[in-house]
Amino acid sequence: MVLALVMVTMYSSLSGTDTSTMAYSDVIEYFENNQVTAFDLDLNTGVIEMSLKEGDKPLPENAQQQTEATGLLQELSGNEDYGPKNGGTVVATYKLPYIDYFLSTLRDEGLIEQYNEANPDAPMVYDMSPVKPSIPWMELLLYVIMIGGVAFLFISMYRSGAGGSGIMNVGRAKVKDQQESQRKATFADVAGAEEEKAELQEVVEFLKAPERFNSLGARIPHGVLLVGPPGTGKTLLARACAGEAGVPFYAISGSDFVEMYVGVGASRVRDLFEKAKKTMPSIIFIDEIDAVGRQRGTGLGGGHDEREQTLNQLLVEMDGFDANDGVIVMAATNRADILDKALLRPGRFDRQVYVGLPDVKGREEILRVHTKNKPLGPDVNLKTIAQSTAGFSGADLENLVNEAALLAARKGKKAITEPEIEEASIKVVAGPEKKSRVVTDKEKRLTAYHEAGHAITGYYCPTHDPVHQISIIPRGAAGGYTMYLPDKEPSYVTRTAMSEDIVCLLGGRVAEQLVLEDISTGASNDLERATDLARAMVTRYGFSERLGPVVYGNDPGQTFLGRDLAQGKGYSETIASEIDNEIRDIMDESYESARRILSDHMDKLHAVAKVLMEKEKISGDDFRALMEDRPTADADDEEMPAQAPEAPAQDSTAQQPPVQE
């Protein structure tokens, strides 16, 4: 529409008539002085075009020469009395504000008749007939575009679209009904969360038969908050509750409440609860509720007023119905620590269900769900895969199985086999292999000794996880990797285990220094992770005997939540110096332990590095055979690449994710 307006303006400016700026009395004076030889008057627009000759009154400076005129004036150009050779006849254009007054003046004073009597050989030619309005096709098209644009804008603003689109429906909640989208789920689709399903089972039973609870005076929770790391299946659990109970499921994201218009969020909250109450019993599910439920009055620079008003309306609505009305509010977040306290109090979200990372049994069940419709080879053991994927969430396992299926399809196989599963699990953690890089023998030797140092120090640490695979083929940003396979999943981590992790991380740097008598930047990531572990041991876990069981400092992320904004780090400069010294002592002690282990087993270090330079990959069984002086299996030699990859500047040792506390 804007483009059409611009086109109309340009067309009007180009096709319009340039009018003279002379006064009205000047036009009459030209007639009185017999200087007008011809004129054309448009009775519709009031524009008069006159052919003037020189006389008593000077000709207008901005008038056009007669030779540039067209139409009727071209007929006069050949007349010797009025031609250019006779004194410069010109054409002047002027818009008359009062046409009737002009016509009456010509008629009453007889100016045209007087001129014709004085010039019988060349009478004045004039035309005062009204011109019929004409609309060129271009202007008609532009008018149609303008009218159509205005109509389209009007319809778009006021129509009732799906999901509350349109300006008149901006205050309506953009909910997704599971029954309408046919995306039903049940508890059979949820694996590895038996305790979580048991917590939600009574919600399902209440939605199915509320009279059983009402007869005993039991109060079903107003709301259920699902808390846990990303990818653990919180949304799937909420959908499964609605699917098991067979009730409407209204899903909405927390970010859908807040818009640029003031009051829209609160209006959408009211509309959401009104829809749910009309179809009771039902479930309202708010995904990522931390987008709207953050603590009020926090954040750098003040809070978001519109977001806080939306939260206030949500608090009011959750208090506006009884516990057994038949509307259950479920929400999911992975940042329950930043939610407003009023949102978590009894009467609103009464129950919190923690959906954590699955254990080995849960991972095996999740793998069975995701491989249900995928052909698996006879060598695939889901239990072994579950054991090797400690720390994986349900979404990670789904991605792993999908990557394995893609690899099998790329190789033209009819089923997913163990090599594809193995490759996919490492690809998810460390990235794809980069076999195309060519490196020098010196770089290849450095990477081999670096990774061998990681593996051997881990082998001689009593409680450390056993080695699963060693590779000097680059993956992602890592020049090589050493992967460990945990034989158990502890619920907590001891000081000994953390100390051994630091020793193992420093093993690569120590091996470089002992064998190559030089160090490289490949250990940068190892040093960063080891320093973070040492700092956590001192400041978070109270593992330092010198500083005692005291937690020093707060979570750095709390500053961005508006907490402790004006406070310091929580300890004095003296304590800060002691913390630095203690961290340095832990690192020095671990470095010395790694140096002692590798110095005492230098022959093993050379043996493992030699095999790595030859094969580029060593399995966990082959590594243990080398450490125990047993013959290694050569079954996988044919699959080893013949060309050495380049070792980038940064190394990453693949380990199991930290235990969630």
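The values are calculated or read from the model by the stated rules, or taken from the named source; none is laboratory data. Quantities reported herein were computed from a predicted structural model and do not represent experimental measurements. Note that we place each Cβ from the backbone using ideal geometry, even for glycine, and neighbour counts take in every protein chain shown.
Being closer than 25 Å to TYR571 by Cα, touching a Phe, Trp or Tyr at 6+ places or on another chain (Cβ under 6 Å) and either of a type outside the set (D, E, K, R) or surrounded by 20 or more Cβ atoms within 10 Å (Cβ to Cβ) (or both): is that true of THR531 here?
Considered against the rule, which asks whether it is closer than 25 Å to TYR571 by Cα, touching a Phe, Trp or Tyr at 6+ places or on another chain (Cβ under 6 Å) and either of a type outside the set (D, E, K, R) or surrounded by 20 or more Cβ atoms within 10 Å (Cβ to Cβ) (or both), THR531 comes out as no.
Those residues that are at negative phi and buried (at least 24 other Cβ atoms within 10 Å of the Cβ), I need them from the range 209-239; list them, please.
Answer for the range 209-239, where residues must be at negative phi and buried (at least 24 other Cβ atoms within 10 Å of the Cβ): VAL224, LEU225, LEU226, THR232, LYS234, LEU237, ALA238.
Considering every residue within the range 419-431, establish whether at least one is in contact with a Lys or Arg (Cβ under 6 Å, 6 or more places away or on another chain), part of a loop (DSSP other than H, G, I, E, B) and either closer than 27 Å to LEU236 by Cα or at pLDDT below 85 (or both).
yes
If I filter the range 329-350 down to residues being assigned to a strand (DSSP E or B) and at pLDDT 85 or above, which single residue comes out as surrounded by the most Cβ atoms within 10 Å (Cβ to Cβ)? Please lay out each step first, then the result.
So the first thing to find is which residues in the range 329-350 are assigned to a strand (DSSP E or B), and the list is 329-333, 339, 349-350.
Retained after the next criterion (residues that are at pLDDT 85 or above): 329-333, 339, 349.
Details: VAL329: 24, MET330: 29, ALA331: 26, ALA332: 25, THR333: 21, LEU339: 21, PHE349: 24.
Selected residue: MET330.
Name the residue that is surrounded by the fewest Cβ atoms within 10 Å (Cβ to Cβ), counting only residues in the range 458-477 that are touching a Pro at 6+ places or on another chain (Cβ under 9 Å) and of a type in the set (A, V, I, L, M).
Of everything passing the filter in the range 458-477, ALA477 is surrounded by the fewest Cβ atoms within 10 Å (Cβ to Cβ).
When you look at SER471, is it among the small types (Gly, Ala, Ser) and closer than 22 Å to LYS427 by Cα, yes or no?
So SER471 passes the test.
Every residue, every condition in (1) under 18 Å from MET602 (Cβ atoms); (2) in contact with a Phe, Trp or Tyr (Cβ under 9 Å, 6 or more places away or on another chain); (3) of a type in the set (Asp, Glu), yes or no:
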position	(1), (2), (3)
THR417	no, no, no
GLU420	no, no, yes
GLU423	no, no, yes
LYS444	no, no, no
GLY453	yes, no, no
THR457	yes, no, no
CYS461	yes, no, no
GLY476	no, no, no
GLY479	no, no, no
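So in the range 351-375, with the set limited to residues that are of a type in the set (A, V, I, L, M, F, W, C) and crowded, with 19+ Cβ neighbours inside 10 Å, which one is farthest from ALA191 (Cα to Cα)?
VAL353
Return the total of residues in the range 534-548 being surrounded by fewer than 19 Cβ atoms within 10 Å (Cβ to Cβ) and touching an Asp or Glu at 6+ places or on another chain (Cβ under 7 Å).
2
Here's the yes/no breakdown for (1) outside any helix (DSSP H, G or I); (2) hydroxyl-bearing (Ser, Thr, Tyr); (3) touching a Gly at 6+ places or on another chain (Cβ under 8 Å); (4) in contact (Cβ under 8 Å) with a residue 12 or more places away in the chain:
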site	(1), (2), (3), (4)
ASN373	yes, no, no, no
ASP379	yes, no, no, yes
LEU446	no, no, yes, yes
THR463	yes, yes, no, yes
ILE470	yes, no, yes, yes
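What pairs come out if I take residues in the range 181-210 that are in contact (Cβ under 8 Å) with a residue 60 or more places away in the chain and pair them with residues that are among the small types (Gly, Ala, Ser) and part of a helix (DSSP H, G or I) whose C-beta lies under 6 Å away, six or more apart or interchain?
Once the first residue is in contact (Cβ under 8 Å) with a residue 60 or more places away in the chain and sits in the range 181-210, its partners that are among the small types (Gly, Ala, Ser) and part of a helix (DSSP H, G or I) give GLY192/GLY362; LEU207/ALA245.
Specify the residue that is nearest to VAL204 (Cα to Cα); the eligible residues are those in the range 255-272 that are out of contact with any Phe, Trp or Tyr (no Cβ under 6 Å at 6 or more places or on another chain), at pLDDT 75 or above and buried (at least 23 other Cβ atoms within 10 Å of the Cβ).
Out of the qualifying residues, it is LEU272.
Return the total of residues in the range 590-605 being part of a helix (DSSP H, G or I) and in contact (Cβ under 8 Å) with a residue 12 or more places away in the chain.
The number of residues fulfilling the criteria is 11.
Restricting the first residue to the range 345-360 and requiring it to be among the basic types (Lys, Arg), which pairs with a second residue that is not in a loop (DSSP other than H, G, I, E, B) meet a Cβ separation below 6 Å and a spacing of at least six or different chains?
ARG348/GLY223; ARG348/MET318; ARG351/VAL224
Which one of these does GLU196 not meet: (1) exposed (fewer than 14 other Cβ atoms within 10 Å of the Cβ); (2) within 30 Å of PHE349 (Cα to Cα); (3) modelled with pLDDT of 75 or more?
(1)
Give the residues of the range 611-631 that are in contact (Cβ under 8 Å) with a residue 40 or more places away in the chain and basic (Lys, Arg), sorted by residue number.
If the condition is that a residue be in contact (Cβ under 8 Å) with a residue 40 or more places away in the chain and basic (Lys, Arg), then LYS617, ARG624 are the ones that fit.
Return a yes/no flag: does the range 66-88 have any residue that is modelled with pLDDT of 70 or more and under 19 Å from GLU113 (Cα atoms).
No, the range 66-88 contains no residue that is modelled with pLDDT of 70 or more and under 19 Å from GLU113 (Cα atoms).
Any residue in the range 333-355 that is in contact with a helix residue (DSSP H, G or I) (Cβ under 6 Å, 6 or more places away or on another chain) and acidic (Asp, Glu)?
No, the range 333-355 has no match at all.
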